[in-house]
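Q: Below are the structure tokens for one structure; questions will follow.
The values are calculated or read from the model by the stated rules, or taken from the named source; none is laboratory data. These figures come from a predicted structure and were not determined experimentally. Neighbour counts are summed over all protein chains in view; Cβ atoms, including those assigned to glycine, are modelled from backbone coordinates with ideal geometry. With ligands, DNA and RNA removed, areas are computed over all heavy atoms of the protein, side chains included. Shrake-Rupley method; radii C 1.70, N 1.55, O 1.52, S 1.80 Å.
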Amino acid sequence: MEYDRFAGGRSSIADASRDRIVGMSARALSFGMVAEQYERYRPGYPSELLDLVLTYAGRPIRTALEIGAGTGKATRLFTGREVTVTATEPDGAMLAELRKHVPAGVRTMQAAFEDLRPGERYDLVYAAAALHWTKPEGRWSTMAALLEPGGVFASFGGPTQLAAPAVADAVRAARAPFLESDEVPSPDGTPPGHAMQWPGTELQRSDWFADVQQIVIERCLTMSARDYVGHLSTISAYLELPTSEQEQVFGQIMRILPETVELSADIVVHLARRRTEQ
């Protein structure tokens with residue numbers, strides 16, 4: 001297991017953590033080249049997610065800041081309930097694609113989370129499958145500074161996985177010569193089976209947030225084999241491969257897939273409230 005390499009004491013833990021963060025930062029910069037494919041093949045978010053966030057808030061959510069908005073999949077969900085959203089995204093190509101699909105009232109800003117400066121405060125700050133690309137230093141103090149006291153932070157996302165074990169095994173075997181794994185590791189090394197997953201683990205340790213909750217929205221999807229390979233083409237691990245290797249791995253996967261595939265696409269939601277006394 002990956003965690004075995006952390007057994008050498010504090011220095012090895014720090015080295016492993018640093019290597020993981022550097023690797024993730026590089027992968028975060030890979031999406032702009034496939035902005036149109038990202039919009040086409042990545043699934044959106046159900047209204048159940050928005051209901052969950054608004055119910056947790058327990059008070060009106062009028063303003064929201066989105067971190068790493070991508071092509072606006074979640075932006076459209078929140079603006080559908082008359083929430084005024086400011087969508088931030090560091091990649092210009094992704095932001096340009098977002099602007100094609102969101103209502104005119106959405107304020108957009110090309111900026112990384114680390115470049116945001118305290119000023120305007122929001123009722124809600126949220127990240128859709130994007131928080132793991134932010135740097136850990138000062139993450140939660142910055143997040144708190146962007147929120148009204150008592151305001152809500154939400155992070156949600158999760159991998160889209162093949163539901164049939166035999167098909168998943170066949171795809172792993174086809175991928176193996178090129179990639180050991182196409183998943184993004186937990187930023188703080190939390191094991192997959194742990195009751196509280198990241199970022200809930202960090203939120204529980206933060207002095208800035210309280211009432212940390214983790215909820216899973218179960219979701220099953222069906223895609224054509226071609227659309228599933230299109231989905232894979234938007235995943236950072238594949239985007240880092242040389243073009244020739246991308247073509248090879250996608251061709252091999254396409255050949256072993258059935259005509260349609262069933263997918264498990266559960267959404268893991270983390271919610272927390274900014275402490276009023278901070």
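Q: Which of the following residues is within 28 Å of Met254 (Cα to Cα), loosely packed, with under 14 Cβ neighbours inside 10 Å and touching a strand residue (DSSP E or B) at 6+ places or on another chain (Cβ under 8 Å): Ser224, Ser181?
A: The conditions single out Ser224.
Q: Something else now. Could you say whether any residue in the range 199-206 is open to solvent by 70 Å² or more (accessible area, probe 1.4 Å), closer than 30 Å to Ala272 by Cα and either at pLDDT below 95 or among the hydroxyl-bearing types (Ser, Thr, Tyr) (or both)?
A: no
Q: Here's something else I'd like to know. For the range 42-70, give me each residue that is under 18 Å from the mean Cα position of the chain (by Cα) and among the hydrophobic types (A, V, I, L, M, F, W, C).
A: Those that are under 18 Å from the mean Cα position of the chain (by Cα) and among the hydrophobic types (A, V, I, L, M, F, W, C): Leu49, Leu50, Leu52, Val53, Ala64, Leu65, Ile67, Ala69.
Q: Can you confirm whether the range 103-112 contains a residue that is buried (at least 19 other Cβ atoms within 10 Å of the Cβ) and under 17 Å from the mean Cα position of the chain (by Cα)?
A: No, the conditions are met nowhere in the range 103-112.
Q: Look through Met94, Met33 and report the one residue that is open to solvent by 70 Å² or more (accessible area, probe 1.4 Å), on the phi < 0 side of the Ramachandran plot and either of a type in the set (A, V, I, L, M, F, W, C) or in contact with a helix residue (DSSP H, G or I) (Cβ under 6 Å, 6 or more places away or on another chain) (or both).
A: The match here is Met33.
Q: So, Ala127, is that one open to solvent by less than 40 Å² (accessible area, probe 1.4 Å), within 30 Å of Glu247 (Cα to Cα) and either assigned to a strand (DSSP E or B) or in contact (Cβ under 8 Å) with a residue 12 or more places away in the chain (or both) or not?
A: Numbers: open to solvent by less than 40 Å² (accessible area, probe 1.4 Å): yes; within 30 Å of Glu247 (Cα to Cα): no; either assigned to a strand (DSSP E or B) or in contact (Cβ under 8 Å) with a residue 12 or more places away in the chain (or both): yes.
So Ala127 fails the test.
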